[in-house]
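The values are calculated or read from the model by the stated rules, or taken from the named source; none is laboratory data. These numbers come from a predicted model, not from an experiment. Cβ: placed from backbone, ideal geometry, glycine included. Neighbour counts: every protein chain shown.
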Amino acid sequence: MDQKKRTPLHYAAALKDGGYLYKVMRKSGADPNIYDCNGRPAKYYLKHSGEIDLSAMRLDTRAALKQVLHNRVAPSYLESSIQQWLRDGQLAKLEQLVLSGCGDLLQNRTSSHTDTQAFLDSLPEYTEKIDGIHRAVKEGNLGRVKELMKTKKLAIARDRFGCTPLHSAVVHEHTEIVRYIAGHYNSVLNAPDYNKRTAMHYAAAARDGGHYLKILGKAGADPMAVDNEGRTPDYYRRNAVIDLKLIKDRDEDYETINEEYLEDGPLIDSPATPDSGSEGSFVDSARMLDDEDESVERHRFEKTFRGKIDLPT
């Protein structure tokens, strides 16, 4: 945020690119609900780009994307909890946050609590291992998956979109990895994503003649698991509601942004402040909508984080 309380998203909206960078940043989790000193959200400048003088500054596209990809801001109701966990040394809560796919919310933080600081110091290595597992799954590298996935916690660790490695293996159609995870880590079989959909829900959406459903069912996955919509996997077998290709494309788009846009370029120095008005989503940046308010996000957080995601301890 600059001296006029504008975020990178405000400047992206002012670019004469048909809103391309704005859309990319929004899909990556940029918060559209922050107002500048004139009381205007970023999307205002999509139609009034002339009100921001871009020629007077250097807007680094890579830096802007890096800001939103690697520095998501915790919503106010979660931020207070995080600060308490850091103060009190509640490592189980902090680890649960990481395993839920939101380890980036702990980046660049410090604590006077010795154990907490030790956890924060080890965070980059921990999150890189989780990212490495998901990357190996998506690439179909079973050997690398076996090398990295040594514990039940790592087997159930979610990416930033809420998918476990088993969800990702189904989406990217890597049968041997599906077999391996299902056969060696039964705790992940009924683990839900942010919509409470298990790998069985995803498998039901695959147009593979029920092959993945049989693999997961034989391993012990619950065919009657109910998602947030009250639907079992069989509903998605009979109705083409979940588009696995879109989920796969989403993953690939995110990787492309990371690899191509963020190879270099300095990080924009714009830390979150208490008066930023940030209400960014904790768990579902891919589905964040302009008209979602904090009460909706709070409800989603409470349902998801406080008991709805069954993580091993």
Within the range 190-200, work out how many residues are part of a helix (DSSP H, G or I) and within 19 Å of the chain's Cα centre (by Cα). 1
For the range 201-220, enumerate the residues that are closer than 11 Å to V178 by Cβ and not in a helix (DSSP H, G or I). A206, D208
Does A118 satisfy the condition of being out of contact with any Asp or Glu (no Cβ under 9 Å at 6 or more places or on another chain), modelled with pLDDT of 95 or more and of a type in the set (G, A, S)? yes
Here the residues within the range 91-119 that are under 29 Å from I34 (Cβ atoms) and either polar (S, T, N, Q) or in contact with a Cys (Cβ under 6 Å, 6 or more places away or on another chain) (or both) are Q96, S100, Q107, N108, T110, S111, T116
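Look at K138 and say whether it is surrounded by 15 or more Cβ atoms within 10 Å (Cβ to Cβ), out of contact with any strand residue (DSSP E or B) (no Cβ under 6 Å at 6 or more places or on another chain), closer than 24 Å to N195 by Cβ and free of Cβ contacts under 8 Å to residues at least 24 places away in the same chain. It would help to see each step written out before you state the result.
Working: surrounded by 15 or more Cβ atoms within 10 Å (Cβ to Cβ): yes; out of contact with any strand residue (DSSP E or B) (no Cβ under 6 Å at 6 or more places or on another chain): yes; closer than 24 Å to N195 by Cβ: yes; free of Cβ contacts under 8 Å to residues at least 24 places away in the same chain: no.
Spelling it out, it is not the case that K138 is surrounded by 15 or more Cβ atoms within 10 Å (Cβ to Cβ), out of contact with any strand residue (DSSP E or B) (no Cβ under 6 Å at 6 or more places or on another chain), closer than 24 Å to N195 by Cβ and free of Cβ contacts under 8 Å to residues at least 24 places away in the same chain.
Please verify whether G18 is surrounded by fewer than 22 Cβ atoms within 10 Å (Cβ to Cβ) and either modelled with pLDDT of 85 or more or touching a Gly at 6+ places or on another chain (Cβ under 7 Å) (or both), treating the condition exactly as stated.
On the way: surrounded by fewer than 22 Cβ atoms within 10 Å (Cβ to Cβ): yes; either modelled with pLDDT of 85 or more or touching a Gly at 6+ places or on another chain (Cβ under 7 Å) (or both): no.
No; evaluated as a whole, the condition is false for this residue.
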Condition first: closer than 22 Å to D104 by Cβ, part of a loop (DSSP other than H, G, I, E, B), at pLDDT 85 or above and polar (S, T, N, Q). Can you find one or more residues in the range 32-41 that meet it? no
Can you list residue pairs whose Cβ atoms sit under 9 Å apart, with the first residue in the range 239-265 being closer than 17 Å to D159 by Cβ and surrounded by 11 or more Cβ atoms within 10 Å (Cβ to Cβ) and the second being at pLDDT 65 or above and among the β-branched types (V, I, T)? Count only pairs 6 or more apart in sequence or on different chains. L244/V170; L244/V171; I247/V171; K248/V171; D251/V171; D253/V24; I257/V24
Sole residue being among the β-branched types (V, I, T), crowded, with 18+ Cβ neighbours inside 10 Å and more than 22 Å from G217 (Cα to Cα), chosen from I177, I156, I181, I130: I130
Any residue at all in the range 215-226 that's closer than 28 Å to K93 by Cα and β-branched (V, I, T)? yes
With the structure loaded, tell me whether G162 is at pLDDT below 95 and either on the phi > 0 side of the Ramachandran plot or within 17 Å of the chain's Cα centre (by Cα) (or both) or whether it fails that test. yes
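Which one is farthest from the chain's Cα centre (by Cα), of the residues in the range 17-37 that are hydrophobic (A, V, I, L, M, F, W, C) and within 20 Å of G50 (Cα to Cα)?
Residues of the range 17-37 that are hydrophobic (A, V, I, L, M, F, W, C), as a first pass: 21, 24-25, 30, 34, 37.
Filter once more, keeping what is within 20 Å of G50 (Cα to Cα): 21, 34, 37.
Numbers: L21: 19, I34: 20, C37: 29 Å.
This residue is C37.
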